[in-house]
Amino acid sequence: MTTNLLVIGVGPHTRLNHLPALAACQDRGLAGTVTGVDLPAVAQLPVPYGPVGEARLLPVIGVEPFPSSRTSLPAATRTVLDELVVRERIRGVVVATEPSAHVPYVLWALERGLSVLLDKPLSVHAGASVNPAAAAAIAEDYDTLLRAYAEARLRASAVVVSVLSQRRYHPAFQRMRELIAEVADETNCPVTSVQSFHGDGQWRLPDELVDLSYHGFDHGYGKAAHSGYHLFDIVPWLIAAGERPGKALDEVEVITQITRPPDALAQLTVADHERLLPGFGARNPYGQDELQRVTGNFGEVDAFSSIACRSGGRTMTLGSINLAHHTFSQRGNLAPVLADLYKRNGRVGQESHIIQQGPFQALHFHCLQTLHDDTAEADPAAVGGADHIAVHVFRNNRLRPRWKRYATFGFDDLTVGPGPATTLPTQRASRHRAVTEFLLYLAGQLPREQMASDLTAHRRSARLMAGVYLSMAQRHTGGSPAATLDFRTDQEIPALPPVRLEEAR
């Protein structure tokens with residue numbers, strides 16, 4: 001059975017990631033019609049998608065913008081969407097807007113009994129890095145969504161909310177989770193430390209800090225909201241594989257240090273940019289002092305967090321989650337190739353995870369790119385290629401001689417399945433896998449229990465993100481930089497009381 005879909009938000013992220021996956025699912029007979037929703041200016045322009053050379057256009061319906069402070073959709077927007085649901089026979093909704101608008105759209109969909117594929121992060125609020133109340137609201141949003149989800153399932157038990165956190169679908173992270181569980185089963189040792197890093201490799205020039213809002217910093221949040229949720233989600237997901245009775249985590253403490261645009265402008269000043277990039281001085285309308293003043297309450301450029309995960313007052317896992325926007329880039333031109341800077345323009349990525357499991361096991365994950373992401377080469381999986389990836393496994397084989405002391409898994413080792421069903425160990429393939437899983441469930445071909453990223457499994461992820469922003473905001477307002485949050489899973493806490501959806505809004 002095919003599912004007709006509504007895609008709310010058809011910006012660069014959706015066009016690069018979601019629409020190709022949906023086109024592939026249409027070709028498989030899983031997805032039926034796909035209709036877009038975005039601002040009126042976006043709706044006026046054609047949105048092509050699908051394989052290169054194929055004439056497939058996404059119809060886009062315009063809706064007016066609304067303040068990010070709203071917790072429910074304006075009546076006019078609801079009317080437009082309600083009519084679309086009836087006319088197009090919509091059964092599923094992809095929510096891929098600016099994350100500050102996620103909650104109102106998800107609540108609307110659940111009211112209508114529609115299943116949701118929700119982009120990450122679950123939510124964010126303007127000023128989250130400077131206002132503790134806005135930071136705390138990130139955790140409160142999760143509880144609101146969970147209550148609405150429970151209420152919707154009372155009316156329509158098949159409704160599902162799946163979060164598009166693609167690393168849960170990535171063969172490398174799935175392999176690491178299996179390795180952690182294997183050692184925990186034999187030793188009863190949890191994950192004792194994690195060091196995680198993600199770098200964007202995007203060079204944003206001083207005037208672009210002010211003038212470009214897409215994935216920008218002007219709303220009072222930045223890197224941690226743009227791509228940080230990937231790590232906020234995957235770190236506790238990996239740690240959970242090592243939890244055993246008596247060692248379940250119940251609390252997390254977070255302390256975060258950040259740089260904001262004024263710091264980045266001190267690292268590389270306007271004068272530095274004028275020397276490095278001929279023509280920048282003539283283009284840039286802002287002086288150094290003006291930029292420092294204007295961007296003072298902008299969101300974080302880099303955010304380095306120290307975390308302590310505890311069980312019964314004892315620290316089980318120490319960790320660092322380091323998120324850097326200001327990292328190695330291949331940009332060398334003044335004028336960007338793509339104006340939004342979301343991809344290309346010399347943007348390259350770096351990601352690493354080092355996981356220790358006491359004296360028994362160490363895992364090193366590295367995904368390193370040192371070429372333009374739009375540059376083809378003969379072997380994209382080679383070191384520095386577009387798809388270079390490796391997992392290194394070290395085990396204590398003097399304690400267990402049958403363990404292999406060292407093993408490494410590269411691109412080919414992590415590729416899953418032969419033929420058309422092959423899953424490559426890339427982020428794009430993992431996103432496609434997440435979209436396909438959602439549609440397989442709606443087609444009745446996959447049980448709910450086998451879904452990897454149901455909303456109910458994201459309590460820790462949402463609280464970790466809230467803790468990172470609470471630490472930033474509390475420090476900014478003169479308070480303690482330490483934020484401590486409940487870290488139990490949904491299965492470990494009393495059931496949330498049902499509430500009316502009107503109250504949830």
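Taking other C-beta atoms within 10 Å as the exposure proxy, Trp237, Trp108 rank Trp237, Trp108 from fewest upward. Let me make sure I get this right: for the range 1-83, a, b and c are the square roots of the gyration tensor eigenvalues over alpha carbons, sorted descending. Under 1.5 in a/c it's rounded, otherwise prolate if a/b > b/c, else oblate. Which is it? Note, shape of the range 1-83 comes out prolate. Each of Leu16, Leu470, Leu485 has some number of other Cβ atoms within 10 Å of its Cβ, and from fewest to most they run Leu16, Leu485, Leu470. Of all the C-alpha pairs in the range 167-457, what % are more than 31 Å from each other? Pairs farther apart than 31 Å: 39 percent.
All C-alpha pair distances within the range 93-132, sorted into 5 Å bins from zero, spread as 6, 26, 29, 18, 11, 7, 4, 0 percent across the bins. Most simply put, the chain has about 65% antiparallel DSSP beta bridges, counting only bridges with both residues inside it. The trypsin sites (Lys or Arg not before Pro) found in the range 138-221 include none that occupy coil by DSSP while having at most 12 further C-beta atoms within 10 Å.
Check every DSSP H run in the chain and write down those whose alpha carbon atoms cover 15 angstrom or more along the long axis and whose mean Kyte-Doolittle hydropathy is 1.0 or greater. Qualifying helices, which must be both long enough and hydrophobic enough, are 228-240.
From the Kirkwood radius over Cα pairs of the range 236-302, Stokes-Einstein at 25 °C and 0.890 mPa s returns a whole-number translational diffusion coefficient of 158 µm²/s.
Summing Cβ point charges (Lys, Arg +1; Asp, Glu -1) relative to the Cα centre of the chain gives a dipole of roughly 1140 debye.
Return the loop-located GluC sites (Glu not before Pro) in the range 44-149 (DSSP other than H, G, I, E, B) with at most 15 other Cβ atoms within 10 Å of their own Cβ; answer none if there are none. Filter output for the range 44-149: Glu54.
Projecting the Cα atoms of Ala241, Tyr441, Leu318 onto the charge dipole of the range 167-457, computed from C-beta unit charges around the Cα centre, puts Ala241 farthest toward the positive end. Ellipsoid semi-axes for the chain, based on the Cα gyration tensor and the rule √(5λ), read 32, 30, 26 Å when sorted largest first.
What do you get when you divide the Cα radius of gyration of the range 178-264 by 2.2 N^0.38 Å, with N the number of residues?
Values: Rg = 18.0 Å, N = 87, 2.2 N^0.38 = 12.0 Å.
That ratio works out to 1.50.
Taking all C-alpha pairs of the range 106-261, those more than 28 Å from each other amount to 37 percent. Computed across the range 71-116, the Kirkwood hydrodynamic radius from all distinct Cα-Cα pairs reaches 10.8 Å. DSSP beta bridges confined to the range 1-93 are antiparallel in about 15 percent of cases. Evaluating kT/(6 pi eta Rh) at 4 °C and 1.567 mPa s, with the Kirkwood radius of the range 101-194 over Cα pairs in the Stokes-Einstein relation, gives 81 µm² s⁻¹.
Coordinate-derived values only; no laboratory data. For clarity, every value in this text was computed on a predicted model and none was experimentally measured. Glycine gets a Cβ as well: all are built from the backbone with ideal geometry, and neighbour counts include every protein chain shown.
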